[in-house]
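Have a look at the structure below, then the notes.
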Amino acid sequence: MNAVAAGNGIELFIPKLYDIVWSLIILLILAVFFYKFFMPKFQAIFDERSAKIEGNIQKAQKARDDADEAKKEYEDQLGKARVEASQIRDDARAEASRIVADARNRAETEANQITENAQRSLRSQQQQALVSLKGEVGTLATALAGKILGSQLQDNAVQSSMIDSIIADAGKGESDGQKA
């Protein structure tokens, strides 16, 4: 009995042919109904999500491109700013050296003028001293000549010619002393 029950037990799990046919018909009807009504909605939802994802990817790509472009512009501006700063520094250095050179030139010019004025003043004072010295030497020479001769030289013309000859002799003596 056990063997019969064991053989009949497996048959309990295998459906009959009419159950299989009706189940397939219902399954086919549900599949057509699902395919006709639900699949288009699912497909629309899938397409919409796909479009959103693609749109977001495009937006992200555009944002990345914009960021890259902004970064490139920033780097270009930074490079230009560095070049401009370097140029300003170089211009400032050149301007400073030009100002120093101008100040040096002005100082040299003023020093030359001061030196020239001092030399002119010295020459003028030397000339004045020489003229004064010649006058005093002439007066002393006249007085000395008067004492030597025993009389005063009264005549201005004689006095003048004597002074000139003494000065000329003194000038020759100086030039001879300078040559030696």
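The values are calculated or read from the model by the stated rules, or taken from the named source; none is laboratory data. Just so it is clear, the model here is predicted, and its values are computed rather than measured. Methodologically, a virtual Cβ is constructed for each residue, glycine included, from the backbone with ideal geometry; neighbour enumeration extends over all protein chains shown. For accessibility, only protein heavy atoms count, side chains too; no ligands or nucleic acids. Shrake-Rupley method; radii C 1.70, N 1.55, O 1.52, S 1.80 Å.
Worth a mention:
- Sum of side-chain charges, TYR74 neighbourhood, beta-carbon under 14 Å (Lys, Arg +1; Asp, Glu -1): -2
- Per residue, the chain exposes 89 Å² of accessible surface when a 1.4 Å probe is rolled over the protein heavy atoms with every protein chain present.
- Set of lysines with alpha-carbon distance to LYS59 below 22 Å, sequence-local pairs under 8 removed: LYS71, LYS72
- Nearest-ten-degree value, helix 39-149 long axis tilted from longest Cα axis of the chain: 0
- Max mean-square fluctuation residue, GNM over the chain, Cα-Cα springs under 10 Å, options VAL21, VAL83, VAL137: VAL21
- For the stretch 1-78, diffusion coefficient by Stokes-Einstein and Kirkwood Rh (Cα), 37 °C, 0.692 mPa s, µm²/s: 174
- Placing unit charges on the Cβ atoms of the charged side chains and taking the dipole of the chain about its Cα centre, the candidate lying farthest along the positive direction among PHE33, ALA92, ILE14 is ILE14.
- Gap separating the Cα centres of the stretch 93-151 and the stretch 44-87, nearest whole Å: 82
- Its Cα gyration tensor gives the stretch 1-151 an equivalent ellipsoid, and the semi-axes of that ellipsoid, as √(5λ) in whole Å with the largest first, are 135, 18, 5.
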